[in-house]
Structure formats: C-alpha cells, structure tokens
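The values are calculated or read from the model by the stated rules, or taken from the named source; none is laboratory data. Being a predicted model, the structure only gives us computed values, none of them experimental. Here Cβ is always computed from backbone atoms with ideal geometry, including for glycine, and neighbour counts include all displayed protein chains.
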Amino acid sequence: QQSMKITGKVTSSEDRTGLPGVSVKVKGTQVGTVTDGAGAYTLTAAKGNVLTFSYVGYDLYEATVGESSTVNVSLKSKSADLQEVVVVSYGSSRQRDITGAVTKVNAEDLQNLPAAEIGQKLTGRVPGLQVNQASGRPGQGMTFRVRGAASLGSGNQPLIVVDGQPITGDVNLINPDDIESFSVLKDAASTALYGSRAANGVILITTKQAKSGRSTINFNTYYGTQTVLQRGRPDIMNANEFATFMKGYYEDRIKYENWKNPVTGLAEVPADYQNPAQYGEGTDWYNELLRTAPIQNYNLNISSGTDKVLSSNSLTYFKQDGVLRNTGMQRFSFRSNNQYTPSSKVKFGFNIAPTYQIDNNTRGNLDGNRQILVGGEISSPLIPARNADGSYPTRTGSYGMFALPNFLQQLDLMKNKQNSLRILANAFGEIELLKDLRFRTTINTDLGAIDQNSFNSSNYGTAGAPGPSIPSAVSNSNNYTSWLSENILTYKLTKGDHNFDFLAGYSAQKYNRNFRTINGSVFPNDNIPWIAGAATTTGTTNNTAWDIASMFGRINYDYKGKYLISANIRRDGSSRFGKNSKYGTFPSISAGWIISEESFFPKSDNFSFLKIRGGYGKTGNNNIGDYTQTSLVGQTNYVFSSALAQGLSITSLGNPDLTWETSKQTDIGLEMNFFKNRINVTYDYYNKLTNGMLYLISIPYASGYSSIRYNVGEFKMWGHELSINSTNLTGEVKWNTGFNISFNDNKVLSLQDNTPIGGTATYNDYNRTAVGRRIGELFGYVFDGVYKNQQEFDSQPKHATSAVGTARMKDINGDGKIDQNDKTFLGNPNPKFLFGLNNDIRYKNFDFSISVSGQVGNKIMNTNLQNFQNLDGIFNIEKSMMNRWRSPENPGNGQVPRTLSNTTELYRFGNSNWVFSGDYLTIRNISAGYTFTSVPKYFKSARIYLAVNQAYVFTKYPGQNPEVNDSRDNQTTAGQDNGSYPVPRTISIGANINF
Amino acid sequence: CKKDFLELFPEGQMNEGNFYKSTVDFQQAVVGAYTPLRDVANIAFYMDEMRSDNAHYDYNSKDRGGLGYEQLADFLDNSQNGVTATRYQGDYNGISRTNVILDRLEKITFTMADADRKQIVGETKALRAHYYFDLVRHYGGVPLHLHEVTEKSQATLPRSTAEQVYAQIIADFTDALANVAAPKLPQETGRVTKGMVATELAHVYMTLKQFDKAIPLLQSVTTMGYSLWANYEDAFKNENKNNKESIFEVQYKDGTDGQSSTFIYRFIPNGNTLNITGISYNDTNGGWNYPTDDLLAAYEPNDKRLDATIGVIEGTYNANTDFVASKIVSIVNYKAPTGVIAKYFIRKYFHPPYLLANNTKENWPIYRYSNVLLMLAECLNETGQSAAALPYLNQVRTRAGLAATTTIDPALLRPIIAHERRIELAFENHRWLDLVRTDQAIPVLTAYGIKTKAQFGYILPAAYNVTAARFIYPIPFRELQLNTALVQSPGY
C-alpha cells in the first residue's frame, strides 16, 4: 500500500465553519494530528485506511481513504448522545453508564434567552426541576425546587456546585454567560455524595474551559426592551366608578349609622363624591409606576488551548433596568479558568471569577402588602399622579381614605443601593501516583462583600404613615468567607470484563460571616444621604459561622459495560447540630442494566437502546441557621433608678438533640432509544420518605418561648418524570423536539404531637400543614355569599359581628356559629404536574426555536384582595365591589357584602374568594436567528437573532403572574400573591460573533 | 482539622453554656424578669380601662386596623384578639424567666452570699406571683408552670383551677415577703420591696374577698414610710418616680436604648403631634383610652384631680377628615368655641418637653399609696369597721380638695369608696378589675353600654352583652391550637 499525503478541512455541519482542534487519527495506528485554527489538517495515510475524526461535543466520524488525497469532513454535533459526558458528583460519566436520575442541559442551547439569572434559563428544561419566576425583581426572581416540596421551612433550594465547589452565597451572582453546562442531580443515588446538603437535589454547574488545540474569540450580545402586559393588571375602579362607590358608601352610613360629616357637621355625602360624573378615568396608578425598560448584555470570551495549557477568559457586562421606575441592576463579571498539564501525570488548575453587582432599589420595599406597587393600586384615582406644575401631590387619599403617600413620588425618591462583590476562586493539583491511581487536592474560596445603603428623605412616607418624616438612613453590610479543602484519591481497575472505579475523599468547609448595621436618624435636611450627616447614630456588629467536616467514598463497577453498580457513602459532621448528634452518615446504592446489550435483545435500529436502573439512598438537610442547638441568652434590659440596668435572659430555646433531616429515597428509571437513537425516552419514578424534618415550630406562649427548632414529623413525597427528546428531521430541515413532564405529590404522615403548623393567627397566616394532608395547604374561611335579607340572617349561622347584608362564611364545624374554628383547607399550592416543550428547527442558515412551559393543578391565594376587597371606604378596590348589598330591596349580586361599620372585617379574613387556579402555559421564548457564513476577514462566523421572552402567558389566574410565590422558599407559606413585582415580556435582538 | 472544629458557639451573644455562673449573672437574670412587666403595661389599658366605663376610643373610620382594640371595649372580642394574646405571652415570659432563675439557683456550683440569695429569691418569687395574679384575673385558671421549660413536651400543661393558681400566688408572695428588703424611702429604685409584696398580697386577698387577711398587710404598709404628695398631679411627675407615694411602678426611660414608653402617643388623637407634644410626628396609633362623658360626669365639683387627669386638645378637621390639633387647654369649666373640635385625652402621663418622637420616660403606676389607703378603707368597711375606714378614705379626699366623708353605714360607704377608687385611680388600669371584683360589672357596664350605643351609630347591636363569661378573657386561640390539653373558657 502506498502512503500518501492527505489534506482536508473539518467543518461543523451546523454553521459550516472550520473546527479547530479536531483529533484526526488513522484507525489502528499511532498516526494522528489535530486540525489547525481554520479546521485544516494534513497527515499521511494509505488508500483503504480509515480516518477517525473526534471532537468533544460532536459525533465521531469515520472516513475511508479512497483515490482522492483530499478528505473534507463535516461533523455533526451530538444530541442526546449516549456517549456524551455528563458531570456528576465528584467526577463525570458517560450518559449510558449513569445509574441515577441526572439530567444534563447544555448552556449553548439556552443562549437566546436574555436572563439575569441562571434559573430563567433552566425553566421547563429538566423533568422534576420546577423553576418558577416568583417575582419580576431584576436578579431576584427565580425559585428552584427539585422534585416538589422537599422541605418545610429549611429551604427548598438545591445545592449549587460550581466546578466542584458547593457555593454558599447568592446563586444569582453567577454569570449565566460563563456556564458551559448544568447537571441536575435528582435522586439520592446521584446526590448522596453531597450528604447533609443533598436533600433538595444538586445542580452542578460547569463553567467554560478552553479546548486543546483551539483558540477562539467570541463576542455575544443582546439588547432588549421589557414591557408589562395588559393581561393580569389589577381590575380596580377608575375615578368615576370609585366616586360612585364612595357616594353610595356615605349614603349608607347616613342611612344606617346616623353618620355626620365631622368637617361640616352635616349628614350629607362629602363633596369629593357628590358628583361622580365629573371624573373620567382618573389616575391609573399601576400604570404610572411602570415603564418600558431596556435589558442588555455584552460578553467577550477569549480561550486558547494547547497540549499543556488551557486558558479561558471572559468578561461580561449585564444591565437590566426594572419595569418599575427607578429600579434596576448591573453586573460586571470576569472569569478566568486555567489548566496546566506539564506532564501526563501532573495537572494544575487555577480559576478565579470576580463579580460585582449593583442593585439600584431592587432590594427596597417595592412589592408586598401596601408597599409601593400595591399602595399605588389602592390610591385614589381621583388624585392626579402629578400636579399641573409637575410637582407631586404628597397625599393620594380622597375624603375619608387611609393615609396614603404618593407612591409614584416614593418610588422616584427611593434611594436604596446594594453593591455586592463576590469572588469565587479555586486551585487544584492532580497527580498520577501509580498507573490509574490519582490524587487530587483542591482549595476553594467563596468570598463576598455586600454593602447596602438606604436613605429616606424628609418626603419619605409609607401606607399609614405618609410624609413628611424625619430623614433617616440605614447601612447594612456584611462580608463572608467560605473556604473548602478537598482531597480525593481515585483508582481505576480493569480486569477482563470487570471495570472498577474507586473514589475516596476528605473535605472540610468553614464559613464565617461578619455583619454590621448602622442606623442614622435626624438629618438636618435631605442633602447628605450618608449617616455622617445624622444627629443620632446607632450601630451594631456581629458574626456567625458554621463548619462541616466530611469523608466520602464511591465504588463504581461494571461488567462488560452492561451491568452497572454504584455505591456511595458520605459522613458529615456539622457545627449546627447538638452535641449528641453532630454526625450523620449518608449511604446510597444504585444499579443499571443495559438490556439492549444482551444477546437475547433483538438487534434493531427501531429499538436501539434500553436501560433500566434503580437506586436507593439517604440524604440530609442542615439548612437551619447557625447556633439553634443552643439556648441563647439575650439582652433584656430594664430601668432602675432611671438608669439602664443590664438584664440577660434566655430568649430563644435551643434544642440539644437537633439533628439532620434525613430523606430515604428510591428511584427507578428507564431509558429507551428508538430509531437509531433519534428518539430518546427517559422515565423516572421516585419515592421519598423524609424523617425529622427541620422546622421552627411554634410552641405555646405558656412555655415562655414562642418557637423551637425541631426535627418534626414524617413526610412522604413521590412522583413521576418523563422526558422525550426527538430528532424529528435530519435533512435540509433539522428539527429537534424536547418534551418533559413531571408529577409530584406529598403527604404529611406525622407531626410533633400531630399539632398542625400555621393557620392560627387572625391575619397573614394563610397556610396550614396538617397530618394526612399536603405541606402548606391554603387555609381560611369558605365564603358563602351574603345574608340577603332578615329571614336568611335569622335562619343561618352567624359571626359575632354579622348583620343582614354582611359576609356569610360556611359553618364548617357545624356548631351553629361562625368563628375561627370554621377555617378550613382551601387548596394545594403545589402543581399536580409541570411540563416543558422545546422545539428547534434549522434550515440552511436559519434557526428557529420555541419553548413553552407550564404547570397544572396548583392554587394561588391572592392575599392582596384584603386590600382590593376592603369595604371600609378607605382604598380603591375591585370593580366587582360595586355589586354590594345596599338594602333588602337592593341586595346586589348576593356575593358582595355591605359596607356597614364594624361588620367588614370578616370579609377581609383569608377566604375562598381569594383562591384561584394557578394553571398556566407560558411561551417562554421564541427566537429566530440567521448565521452568516461568508463573513469579512478576521471573523469566523456571525449569527444574529431576534427573541421574545415571556411571549404570552395563558392562564385563568386573574393576577399578573401565575408563577407567583411570595414566601419564596418557605413551603409552609406557599402559594401567596402579595402583589409582587410584575414579570415583563422582553423583546430582544442579539448577536453571536466568532473571531 | 482540630477536634473542636465542629463546636461553634455564637460569639455575639451569651448562651446558656456561659451564663448562670456567678451571682452577677443571676442578678442580671432578675433584671430580665422585670422586663415583661412592660410588655403587659404597654397594652393593659385596652383590657383594663377601655373595657370599663372610664374609657372608650376615638373611632377611626380611615383605618380599621384597630378593630381588635375596639372589640375589647365593646365586648365583641374573641380568642384571636392580639392584645389578649400579647398580655398572656408577656405574663408567661415573666414567669418563664423567674422559673429559670429559681431552677438554676438550685444547681449552682459556686457560693452565693445569703443576703444576695435572699434578695434574688424574694424578688423572683414576687414577680412570679405578680405575673400569675395578672393571668388569673384576666384568664381564670391557667397552666401553672413552676419550672423551666427546656423541651417541647414540657410546654403543654393543662389548665389548673383558679384556686390552685391563687394558692401558688399566695405561697410565692408569702415567701417573697420574708425575703425582700423593706423600702428605702423617700426614693426607691423601682425594684420589688416589702411594700409592693404586702400591698399586692393584700390585693390578692381582697380579690378572694378575704378582707380580714388583707388588713394587717395593708396596715403594715402604712408604717413603711409612704405618704401622699400634697398635690395629686405630683404623684405622676417624672421627677417623683419611685418616690414616697409609689409602691410599685413599671419603669421606663427615654432615649435610644429601647427603654422608652409611648403611652401618650396612644392616648392623643391621630395626626401630627407637633402642637400637642412639641415634636413633629405623624401619630397613626392614637385615639385609644378616650375619656368618656360618663367618667367626666362622675367628678364631684371642684375635684382637683379632674384637671390633672384629663385634658382637652382643640383642633379642626381638614378637608380629608384628618384631625389637625392646634393646642391643649384645661378641662376645668371648658366649653368648646364654635368651629373648634375638642377632644379629650389623658393628662396623667403627659409631661413635656420631650426630646424624641414617640419616646417618653413616663412610668406606669401599678400601686400608689393612695390605692393602699383606699384598699384599707374598703377592707375595714367590709369587715364591719366602717368608722375606722373613714380616716384612710378622707386622706385621699382631702388631698383632692373635697369634703371629708362621714357616712359610717357600710352599705352607703361601699359605693362611696368604689367611686373614690374610680376617680383617684382613673386610667391606672383598675376600673375594670374593680368592677369585676366588686360584682358591679354587669349592672354598671350594661347601663353604660346602652348609653354608648345610643351615642355612637357605628357600634353593633350585639355589643355590650356583658355576662359573667366576659369577666375573664379567652385563652388565646394560638395556645389552644398548639396545646390540645387546653380547654377554652366557657362562653368563648
């Protein structure tokens, strides 16, 4: 055979650009090379030789050398490929070998999504991962939940691990542009190596690394505008309607209560409301507070790799102005990932990623009950937002209304800035001690410094306390350090068909946070916003810390690549737990069987792969705050002889027996591929039993304390997850579809003394967790119309304040009277199922994608209706309140009570009127792009795209955001809408340019 | 890692691991046991004065958030009332702190001087008895916690009977009487003294209608050096705190160290306070404990106490029905000029100038010496010694500028003493409890309710249904939910 010189070019089938760094080998020989920066290669081979082209992220390609000395190859990028490498706990594994429930998401697929937070990118992508945009506050909106409600009050957020480092601070300070891939670990077998922090699942984030033999410069940018849709805005009265309502309100007070206007002493409707026809629409306060706001991002990544050095550096600037005026955030991030391989036995790495974020007013009191947004909605539409001369009217209540400041003025005046500096850094060294025996040591640090300064000027006011006020300022700052040292030994052993993989490790983590608060008050004027200008200054400093020390190990075994077993164990000790129970051990085991490898399995392209797997393990949760195991002695000062006397008392009751919350989880999974792996189906069933859930339970006041941190009760959670990925078309038109759906449910099996949690207070206590029911169900009265006439009133159960025409609640306990004992369960705040559907279509240089996600079966309690259905004549309210009871002859629609003084409170208690279905289907993202292949010199490729985010929300929920959950992470108070920051639609244009 | 890597204790706060190790620690713990007196005093007027015929409220139609307070006045309150829960919690916080001290005192490993131990035990037991006396009169038989709660299972005791609670109160006060120091008049610190213990124990006996047991205790108080100020208003002045007329009062001081009181801001009308307190502050939590016409009519002509007890704030309503105060004037012979809105307010706790907004140093009186004199007069009258009662009664009347009473018919003297208590102790949180103690609550407040409902159109027909069940307040709903061993008081 005659050797000849072969040349050629390797391109990507997607964008036809040259692929640098592709490994080209003559099969069965040592001959090989890598492609250069333009994708070109040269090597020597003979006719009939087989050339293999391999490149990370692309399908292996083989070409036989023929007559021609030119072999050009186009590589196809992988989709749902079994060979794909997935990052798992303390290592990585081929997808086909994984025995736990792990879903990988490539960040590349998500680049069209303009997002401040990584959570916005993951919504609807992973079965079993519920990512909701609970609020539209820039940079603070997302909540994660792996496999439903996992915990009571100790947090549902999964552990986030960035490049092997479990992070301690705000996950949203991680720049989404730096991320290469996510691995979502869901079952105990996958997460158990993270032991005491694994109960809520783990999200492993891998940041971008350079590729050997490839130098790239990428520039990615987008610019968009955000607007709040009309759908879901509050349905409150306009000026004419409100004046009409108020006119009737005073007519009724005159008629039924002998009311006289204290200003005039006359029994007549106040002048503001005598002639409603003079008012038109009036002021739409909600609209006044909103604006159209830009969002923009600029990201430059330079990466270069050789055999010995891999270096990737990126710089990102992100800015999102809020759709609420005078709010927004900016973030500057830098990341440098470097790896050195001086010899095949030794490897070092240094990574550093500083982030600096500026939050302008997004940490202020913008939303929530009677804060700026809701405060504006209940303000009088009769009052203009601005006076004719452009100044602000400082009060926005009409006659007899609650004392309300001008919330537009308050928003415009707001001065609340938070600057956060975060540095994630780590260094590692890895050495091959013997063949296949490797030792790796890493040192990681997570440093943060957060500085928040707010100033309330003399015009500052809140609902109930409008300005002017005495200027005041608060400065909060804290800095934390978290260091983590890990030492890991791994060993690979292959004996015939038996493959072993051993891992043993030791780690110690220490977290320390110092924090300070300084209050300044009595400023001479509004000119100095710093506390230096205050006449009175008070301040305090403190610190908190926790430590965790752990040992862990793993054995992976496979036989002939078709029988797979993995066993993990971790032992954690934590400073957070009582003396008697500092240590916890978390074992897990899982196994997989690739049935399609068996000889009895019919070889067929139609059914190309079948694996079943199952796992069982124990994980823990230690999110309880620091020092709760100890009873704390707090300052309880008093006065003797007119001077301060130092007093000290036990003010919080510790629990020396406090220990881990442990979950035992079983997972059974099925993976199937059809039609030459073009359709890939994964199904998982899980069942989790959590024991000793950590919760700050209320205890009777008679104890001298109000609560104690406790390991309470037993909870069962279970669910099904299904995902289908399909390569529908592969020709000219390429079309991929991904669909996933997950069903989650839970049940409370027992509680401490079976005492229910929550639902005991009169106001703002709208959930109850009780035995036999789901965690955090909505709780309150059942509204049953009004007593339309005397006969209804006389014959039906009544509240102490009831009268003809007032609200009637259902007498649930049947004792003939209505009181707090008639509160009952009003709905489950958790969805029955959630789903996501993603489609990508490519034709020539065009690409198009649409992603949709939604959930079904959850209930939302709109607690703002305590304001919008307030019948005391003090707020602007819902239009429907016009149909109220006025007299037996004019009873309204029978659903809205009268306004009689001292009878309206019952209607303001949490009740079934406030509960709505939270079903929704949201078109998350639609984007269309075009890739230019013939580009000017110095450019490799360029793509531009247009994207619409939050394109449309299909829901029956009348509020703005069906994903709302204002208590965020606290499952025992889930499902409430306190009128949170609206979630906008974003239309953006972007570009990805390679140099 | 070092062995103690996982042993972390808070550095910014004491904890049980490093406290209760010295006499000073225990003395600081005793200070902490006084603090809950304030939690109760801050809100007690809603339950003890506003529920009576002395006080109503300035109806605020613009903010119905105070409905719970109004319902206490109108006899429409239920077990979810925030005030009754706060008082219950405050009393038990105090009890818990005394229990911790008494339990841990048993286990000390250092030597404590006898005198120190006596004083600590005496003050602590007196405070525990005081808190239980407050509980039993307001909630009836309550769970009797006499030891520190260290785990949840100990927190769920059932109710004891009122008799059992009273027995414990008497035992604790009797111990305290043997241990605490005598008052060091003329000026006291504000701590528990023999004077306080004897007075309150006598009050306990009077509540149980054991007047004969109260008499020697009260007589002992008259020999401890206490006396009346020449002028009634002097008893409330800040410069006379804890002085010769003061048996026990809840302590406050102004400033930014968290020890201030805010009573006057609860009692004046809502709105800017500049023309009332001299400090511009937007008071949104005022208008409570509003003196009633019924009380005003009860003052005898020329009673000097009227001007010292009640004042008038003049002002107008603006177009938004916000009250704009203009000035304070005396109530004596007051007639409102036309075009002026006059509102009454309690003047006893009003001593400007003030330095900070919503921040005063006014103490709250629990027992004054004039109360001891009236208690003694009542006990003597109830035990057939009416003539002996007169000098004590008349000391109080004389100071008020009123003629001495000469009646010695016990049945006639009884309402005279009761009336004197109403006026002398107005707005000191005695009226409601006195009405209940003397079996007058139903007739007096039913009649008062009829008048009040006629006066104010906003009061519901169901209001002022005064029954024996309403003599105590309900056990807070939260407690019933968290402790299934509890049974609600009948009628709630």
- request: Would you check if there is a residue in the range A:820-841 being at pLDDT 95 or above, more than 34 Å from the chain's Cα centre (by Cα) and either hydrophobic (A, V, I, L, M, F, W, C) or closer than 30 Å to A:Phe954 by Cβ (or both)?
  value: no
message: For the range B:280-297, give me each residue that is closer than 22 Å to B:Ala44 by Cα, assigned to a loop (DSSP other than H, G, I, E, B) and within 14 Å of chain A (Cβ to nearest Cβ).
response: B:Thr284, B:Asn285, B:Gly286, B:Gly287
query: Right, B:Tyr226: among the aromatic types (Phe, Trp, Tyr), out of contact with any Leu (no Cβ under 6 Å at 6 or more places or on another chain) and under 19 Å from B:Asn394 (Cα atoms) or not?
result: yes
task: Could you tell me whether any residue of the range B:112-129 is part of a loop (DSSP other than H, G, I, E, B) and within 14 Å of chain A (Cβ to nearest Cβ)?
output: no
task: For residues that are surrounded by fewer than 19 Cβ atoms within 10 Å (Cβ to Cβ), within 14 Å of another protein chain (Cβ to nearest Cβ) and either in a strand (DSSP E or B) or in contact (Cβ under 8 Å) with a residue 24 or more places away in the chain (or both), tally how many sit in the range A:517-543.
output: 12
query: Do any residues in the range B:137-150 that are at the interface with chain A (Cβ under 7 Å from one of its Cβ atoms) and more than 11 Å from B:Gln164 (Cα to Cα) have Cβ atoms under 8 Å from those of residues that are of a type in the set (Phe, Trp, Tyr) and buried (at least 22 other Cβ atoms within 10 Å of the Cβ), where the two are at least six apart or on different chains, and which pairs are they?
result: B:His145/B:Tyr92; B:Val149/A:Tyr705
- line: Of those in the range B:30-62 that are within 14 Å of chain A (Cβ to nearest Cβ) and of a type in the set (Gly, Ala, Ser), the residue nearest to B:Asp103 (Cα to Cα) is B:Ala33
message: I need the full set of residues from the range A:694-726 which are aliphatic (A, V, I, L, M), assigned to a strand (DSSP E or B) and more than 23 Å from A:Arg197 (Cα to Cα), in order please.
response: A:Leu722, A:Ile724
Qualifying position, being touching a residue at least 24 places away in the same chain (Cβ under 8 Å), of a type in the set (Asp, Glu) and more than 30 Å from A:Gly397 (Cβ to Cβ), among A:Asp321, A:Asp284, A:Asp235: A:Asp321
statement: Residues of the range B:138-178 being among the hydroxyl-bearing types (Ser, Thr, Tyr), in a helix (DSSP H, G or I) and farther than 27 Å from B:Leu217 by Cα, in sequence order, are B:Ser153
statement: Checking A:Asn867, A:Asn913, A:Asn902 in turn, the sole residue that is part of a loop (DSSP other than H, G, I, E, B), among the polar types (S, T, N, Q) and farther than 30 Å from A:Asn112 by Cβ turns out to be A:Asn902
query: From the residues in the range A:544-577 that are at pLDDT below 90 and surrounded by fewer than 16 Cβ atoms within 10 Å (Cβ to Cβ), which one is nearest to the other protein chains (Cβ to nearest Cβ)?
result: A:Gly561
task: Please find, within the range B:455-490, the residue that is farthest from the other protein chains (Cβ to nearest Cβ) out of those that are free of Cβ contacts under 8 Å to residues at least 60 places away in the same chain and either under 30 Å from B:Ser153 (Cβ atoms) or surrounded by 18 or more Cβ atoms within 10 Å (Cβ to Cβ) (or both).
output: B:Phe471
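For every residue, the table says whether it meets (1) closer than 19 Å to A:Gln452 by Cα; (2) assigned to a strand (DSSP E or B).
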{"residue": "A:Asp307", "(1), (2)": "no, no"}
{"residue": "A:Thr316", "(1), (2)": "no, yes"}
{"residue": "A:Phe332", "(1), (2)": "yes, yes"}
{"residue": "A:Asn351", "(1), (2)": "no, yes"}
message: Quick check on the range B:328-338. Is at least one of its residues touching a residue at least 12 places away in the same chain (Cβ under 8 Å), in a strand (DSSP E or B) and more than 28 Å from B:Ile423 (Cβ to Cβ)?
response: no
statement: The helices (runs of 4 or more DSSP H) lying entirely within the range A:215-293 that contain at least 3 residues which are more than 14 Å from chain B (Cβ to nearest Cβ) are A:239-257, A:285-289
message: A:Gly169 - would you say it is at pLDDT 85 or above and either crowded, with 24+ Cβ neighbours inside 10 Å or more than 24 Å from A:Ser590 (Cα to Cα) (or both)?
response: no
query: Just for the range A:393-429: of the residues that are assigned to a strand (DSSP E or B) and more than 31 Å from the chain's Cα centre (by Cα), which one is farthest from the other protein chains (Cβ to nearest Cβ)?
result: A:Gly429
task: Answer with yes or no whether A:Lys47 is within 40 Å of the chain's Cα centre (by Cα), surrounded by fewer than 21 Cβ atoms within 10 Å (Cβ to Cβ) and among the charged types (D, E, K, R).
output: no
